[in-house]
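Encoded as structure tokens, the structure appears first; notes follow it.
The values are calculated or read from the model by the stated rules, or taken from the named source; none is laboratory data. None of these values were measured; they are calculated from a predicted model. Neighbour counts run over all protein chains shown; Cβ positions are idealised from the backbone, glycine included.
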Amino acid sequence: MAKIHLGRNLLDHQLLDVNGRRCGNVDDLAIEGGPGETAEVTAILVGPGYWPQRSGWVGRLAGRLGGSKRIRVPWAEVKRVRSGVELRKEAPDYGLGSGDDRLRPLIEKIPGADR
Amino acid sequence: MSKVFSLALGILAAIGGFVDIGDLVFNTAAGATFGYQLMWVIPIGVVGIIVYSEMSGRVAAVSGKAVFDAVRERTGFTVGLSALLASEVVNLLTLAAEIGGVAIALQLLSGLPYRLLLVLAVAGLAVVIWTIKLDWIERLFGYGGLCLVVFAVAAVKLEPDWGKVGNGFIPHIAQNNTLLYLYFVIGLLGAAMTPYEVYFYSSGGIEDRWSAKDIGLNRANAFVGYGLGGFLSLALMIVGGAVFLRHGINPEHLGTTALGAEEPLGKIGLLLALVGILFAVGGASIDTVFSGAYNVAQFFGWEWGRYRNPSGAPRFALSWLVLFVLALAIVMTGVDPVMLTEYAVIFSAVALPLTYIPILLVANDPEYMGRFTNGRLANTLGVVYLVVIMIIATTAIPLMILTNVGQN
């Protein structure tokens, strides 16, 4: 994979599943590697549960309101990083996009929702 | 449809969609208070919205990023979230004011009670969004808004002192009532450069699946559409100066603005003005409510867009429905939409830098923009306007307090 700047090209970027569906943002990164070793990104971390570690009370409040959910997408699942971060499988396979999936049946009760 | 024809249609819709309640209120009131002395502010505001719309449209076309994608990527979670909160508050105030404007126009046309019309207006707009495709919505309201050209006809018919109008284009500071004058300068700039226009413009580019080959279309829309739309602002100010200043009327009601077209053109002028206001403000309501939903969805990475039907983007659909309900609740309290407009415009001036800085940064990133990275002209203008915006942002609220929201 080409060289990417973790802060600028990865963190806070849009996640896209294999069908191009928008399914969350890169809320944080799991990076492993001790002193003297090469640090390696091992997973993309998604969900309100990771917001508190991103910022102070704003993140804690937002994380609590958002439901504190945490999803870990292994780095091996990343197909490509372009404008967004493209994943190999569909969003539900990672537990992503569940907010939209849960709300969909309700929205579909209103006539014309599929137009 | 031939390319030229579709371009012309897009531009016509952009002209009709340029004016919103902020422009109607501030341009007319500025004319009624200071005559033609503030004409010079309008071109400055129009060039500002052109510069940043073109830039955000280009970023959307080339990198596929809408404004709040860029905001979060460039400013991080904490600052991004603060920018989101600020922009949502301003958006909600603006939306409430626009909905109030729709109800006022409907009331003057139908004579039905205001609060009933508020509910009907919101229900009607929601049904329109739910059932009609976005490009048709833009055309419908854009062409309807073209009725506002009646103000340009009225401005000419009123035979203003063109020498004085011309002098108004020379930047200067009024000798007396300087604070109020400055308040109007800020208000006119804020009304012309409302942030929701940029959110909507960039997200709309992604909705229309713009790519690098649509750069020309983007430029034409921004330059010609907003440029010609600016003439409507000039016309409103001339009418304000020629009709209301002469009679010593302060147009505190949106309906008074429409009367400005009646004096030279009679009943047909009034009718066209009211229909134009109805469509312009109705279209702006839709742009504003979408902007609010776009921003939230982009910040949190949800699926968004009207090109996906509501069931394709459920949280996005719920977001704009909730924003409509909240805005309705605000105007149902009976708060004056014109007052609400002034607050919305002044507070939007404070939120502007958080919107425009990330756009400027991404537009300068060759990794994303390649050969479409900002050139020297776009950067010079971008930075100049950033300075203008910073001055506006720091002076807006002090001036609002010192002038008692433009009342003295």
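When you check B:Leu81 against the structure, is it within 14 Å of chain A (Cβ to nearest Cβ) and touching a residue at least 12 places away in the same chain (Cβ under 8 Å), yes or no? I'd like the intermediate steps shown before the answer.
On the way: within 14 Å of chain A (Cβ to nearest Cβ): yes; touching a residue at least 12 places away in the same chain (Cβ under 8 Å): yes.
Considered against the rule, which asks whether it is within 14 Å of chain A (Cβ to nearest Cβ) and touching a residue at least 12 places away in the same chain (Cβ under 8 Å), B:Leu81 comes out as yes.
I'd like to verify a number: residues in segment A:54-87 that are farther than 24 Å from B:Ala66 by Cα and touching a Lys or Arg at 6+ places or on another chain (Cβ under 7 Å), how many?
Within segment A:54-87, residues that are farther than 24 Å from B:Ala66 by Cα and touching a Lys or Arg at 6+ places or on another chain (Cβ under 7 Å) number 1.
Is there any pair with a first residue in segment B:355-370 that is away from every other protein chain (no Cβ under 13 Å) and a second that is buried (at least 24 other Cβ atoms within 10 Å of the Cβ) and basic (Lys, Arg) whose Cβ atoms are under 7 Å apart and which are 6 or more apart or on different chains, and what are they?
Taking only residues 6 or more apart or on different chains, the pairs are B:Ala363/B:Arg58.
Examine segment A:17-34 for a residue that is over 15 Å from the mean Cα position of the chain (by Cα), farther than 30 Å from B:Asn309 by Cβ and either buried (at least 20 other Cβ atoms within 10 Å of the Cβ) or small (Gly, Ala, Ser) (or both), and state whether such a residue exists.
yes
Look through B:Ala61, B:Ala97 and report the one residue that is in contact with an Asp or Glu (Cβ under 7 Å, 6 or more places away or on another chain), in contact (Cβ under 8 Å) with a residue 24 or more places away in the chain, of a type outside the set (Lys, Arg) and part of a helix (DSSP H, G or I). Don't jump to the end; show me each part of the working.
Values: B:Ala97 fails: in contact with an Asp or Glu (Cβ under 7 Å, 6 or more places away or on another chain).
Answer to the selection: B:Ala61.
Somewhere in segment B:23-41, is a residue closer than 24 Å to B:Leu354 by Cα, of a type outside the set (A, V, I, L, M, F, W, C) and in contact (Cβ under 8 Å) with a residue 12 or more places away in the chain?
Going residue by residue through segment B:23-41, those that are closer than 24 Å to B:Leu354 by Cα are B:23, B:26, B:41.
If we keep only those that are of a type outside the set (A, V, I, L, M, F, W, C) as well, we get B:23.
Next cut, in contact (Cβ under 8 Å) with a residue 12 or more places away in the chain only: B:23.
Among the residues of segment B:23-41, at least one is closer than 24 Å to B:Leu354 by Cα, of a type outside the set (A, V, I, L, M, F, W, C) and in contact (Cβ under 8 Å) with a residue 12 or more places away in the chain, which makes the answer yes.
When you check B:Val281 against the structure, is it in contact (Cβ under 8 Å) with a residue 40 or more places away in the chain, within 14 Å of chain A (Cβ to nearest Cβ) and in a helix (DSSP H, G or I), yes or no? Quick ask: steps written out before the conclusion?
Numbers: in contact (Cβ under 8 Å) with a residue 40 or more places away in the chain: yes; within 14 Å of chain A (Cβ to nearest Cβ): no; in a helix (DSSP H, G or I): yes.
Taking the combined requirement at face value, the residue does not satisfy it.
For segment B:133-172, which residues satisfy the criterion of being of a type outside the set (Val, Ile, Thr) and either on the phi > 0 side of the Ramachandran plot or not in a helix (DSSP H, G or I) (or both)?
In the first step, residues of segment B:133-172 are kept if they are of a type outside the set (Val, Ile, Thr); the result is B:133-136, B:138-148, B:151-152, B:154-155, B:157-164, B:166-169, B:171-172.
Of everything in segment B:133-172, those that are of a type outside the set (Val, Ile, Thr) and either on the phi > 0 side of the Ramachandran plot or not in a helix (DSSP H, G or I) (or both) turn out to be B:Lys133, B:Leu158, B:Glu159, B:Pro160, B:Asp161, B:Gly168, B:Phe169, B:Pro171, B:His172.
Among the residues of segment A:79-88, are any touching an Asp or Glu at 6+ places or on another chain (Cβ under 6 Å) and at pLDDT below 95?
Step one: list which residues in segment A:79-88 are touching an Asp or Glu at 6+ places or on another chain (Cβ under 6 Å), which gives A:79-80, A:87-88.
Within this subset, residues satisfying the condition of being at pLDDT below 95 are A:80.
Yes, segment A:79-88 contains a residue that is touching an Asp or Glu at 6+ places or on another chain (Cβ under 6 Å) and at pLDDT below 95.
Among the residues of segment B:41-53, is there at least one that is over 27 Å from B:Thr373 (Cβ atoms), of a type in the set (Phe, Trp, Tyr), touching a Phe, Trp or Tyr at 6+ places or on another chain (Cβ under 8 Å) and at pLDDT 90 or above?
no
Quick one: in segment B:296-323, which of the residues that are aromatic (Phe, Trp, Tyr), in contact (Cβ under 8 Å) with a residue 40 or more places away in the chain and surrounded by fewer than 23 Cβ atoms within 10 Å (Cβ to Cβ) is farthest from B:Val119 (Cα to Cα)? Even if it seems obvious, please write down each step before you answer.
Of the residues in segment B:296-323, the ones aromatic (Phe, Trp, Tyr) are B:299-300, B:302, B:304, B:307, B:316, B:320.
Retained after the next criterion (residues that are in contact (Cβ under 8 Å) with a residue 40 or more places away in the chain): B:299, B:304, B:307, B:320.
Imposing the further condition that a residue be surrounded by fewer than 23 Cβ atoms within 10 Å (Cβ to Cβ) reduces the set to B:299, B:307.
Numbers: B:Phe299: 30, B:Tyr307: 26 Å.
This residue is B:Phe299.
Which one of the conditions (1) modelled with pLDDT under 95; (2) under 30 Å from B:Leu7 (Cα atoms) does B:Tyr183 fail to meet, given that it meets all the rest?
Result: B:Tyr183 fails condition (2) only.
Looking only at segment B:50-75, filter to residues that are within 13 Å of chain A (Cβ to nearest Cβ) and among the small types (Gly, Ala, Ser); which one of those is nearest to the chain's Cα centre (by Cα)?
The selected residue is B:Ala66.
Within segment B:78-92, does at least one residue satisfy the condition of being closer than 30 Å to B:Leu271 by Cα and either crowded, with 20+ Cβ neighbours inside 10 Å or not small (Gly, Ala, Ser) (or both)?
Narrowing segment B:78-92 to residues closer than 30 Å to B:Leu271 by Cα: B:91-92.
Then drop every residue that is not either crowded, with 20+ Cβ neighbours inside 10 Å or not small (Gly, Ala, Ser) (or both), which leaves B:91-92.
Among the residues of segment B:78-92, at least one is closer than 30 Å to B:Leu271 by Cα and either crowded, with 20+ Cβ neighbours inside 10 Å or not small (Gly, Ala, Ser) (or both), which makes the answer yes.
B:Asp23: farther than 30 Å from B:Lys213 by Cβ, part of a helix (DSSP H, G or I) and not small (Gly, Ala, Ser), yes or no? Talk me through it step by step, then tell me what you get.
Details: farther than 30 Å from B:Lys213 by Cβ: yes; part of a helix (DSSP H, G or I): yes; not small (Gly, Ala, Ser): yes.
Against the criterion (farther than 30 Å from B:Lys213 by Cβ, part of a helix (DSSP H, G or I) and not small (Gly, Ala, Ser)), B:Asp23 qualifies.
From the list B:Ala83, B:Ala103, exactly one residue is under 30 Å from A:Ser55 (Cα atoms) and of a type outside the set (Phe, Trp, Tyr). Which is it? Steps first, please.
Working: B:Ala103 fails: under 30 Å from A:Ser55 (Cα atoms).
Result of the check over B:Ala83, B:Ala103: B:Ala83.
With the requirement that a residue be facing another protein chain (nearest Cβ under 8 Å) and in a loop (DSSP other than H, G, I, E, B), what does segment B:290-307 give you?
B:Gly301, B:Trp302, B:Glu303, B:Trp304
Could you list, in sequence order, the residues of segment A:38-76 that are of a type in the set (D, E, K, R) and under 20 Å from A:Leu10 (Cβ atoms)? Please lay out each step first, then the result.
From segment A:38-76, those of a type in the set (D, E, K, R) are A:40, A:54, A:60, A:64, A:69-70, A:72; that's our starting set.
Residues satisfying the conditions are A:Glu40, A:Arg54, A:Arg70, A:Arg72.
Would segment B:332-354 turn up any residue that is among the β-branched types (Val, Ile, Thr), outside any loop (DSSP other than H, G, I, E, B) and more than 20 Å from B:Asp23 (Cα to Cα)? Outline the logic, then answer.
Taking segment B:332-354 and keeping what is among the β-branched types (Val, Ile, Thr), we get B:333, B:335, B:338, B:341, B:345-346, B:350.
With the extra rule that they be outside any loop (DSSP other than H, G, I, E, B), the set shrinks to B:338, B:341, B:345-346, B:350.
Still in the running and more than 20 Å from B:Asp23 (Cα to Cα): none.
No, that holds for no residue.
Give the number of residues within segment A:62-115 that are without any contact (Cβ under 8 Å) to a residue 12 or more places away in the chain, surrounded by 16 or more Cβ atoms within 10 Å (Cβ to Cβ) and hydrophobic (A, V, I, L, M, F, W, C).
3
Being under 30 Å from B:Thr33 (Cβ atoms) and among the hydrophobic types (A, V, I, L, M, F, W, C) is the requirement here; does B:Ile286 meet it? Step through it out loud before you land on a result.
On the way: under 30 Å from B:Thr33 (Cβ atoms): no; among the hydrophobic types (A, V, I, L, M, F, W, C): yes.
No.
Is it the case that B:Thr33 is surrounded by fewer than 23 Cβ atoms within 10 Å (Cβ to Cβ) and either within 14 Å of chain A (Cβ to nearest Cβ) or among the β-branched types (Val, Ile, Thr) (or both)? So that I can check it myself, show each step before the final result.
On the way: surrounded by fewer than 23 Cβ atoms within 10 Å (Cβ to Cβ): yes; either within 14 Å of chain A (Cβ to nearest Cβ) or among the β-branched types (Val, Ile, Thr) (or both): yes.
Criteria met by B:Thr33.
This table checks each residue for (1) closer than 24 Å to B:Thr257 by Cβ; (2) in contact with a Ser or Thr (Cβ under 6 Å, 6 or more places away or on another chain).
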{"site": "B:Thr75", "(1), (2)": "no, no"}
{"site": "B:Ala83", "(1), (2)": "no, no"}
{"site": "B:Glu88", "(1), (2)": "no, no"}
{"site": "B:Leu92", "(1), (2)": "yes, no"}
{"site": "B:Glu98", "(1), (2)": "yes, yes"}
{"site": "B:Ala103", "(1), (2)": "yes, no"}
{"site": "B:Tyr114", "(1), (2)": "yes, no"}
{"site": "B:Ala121", "(1), (2)": "yes, no"}
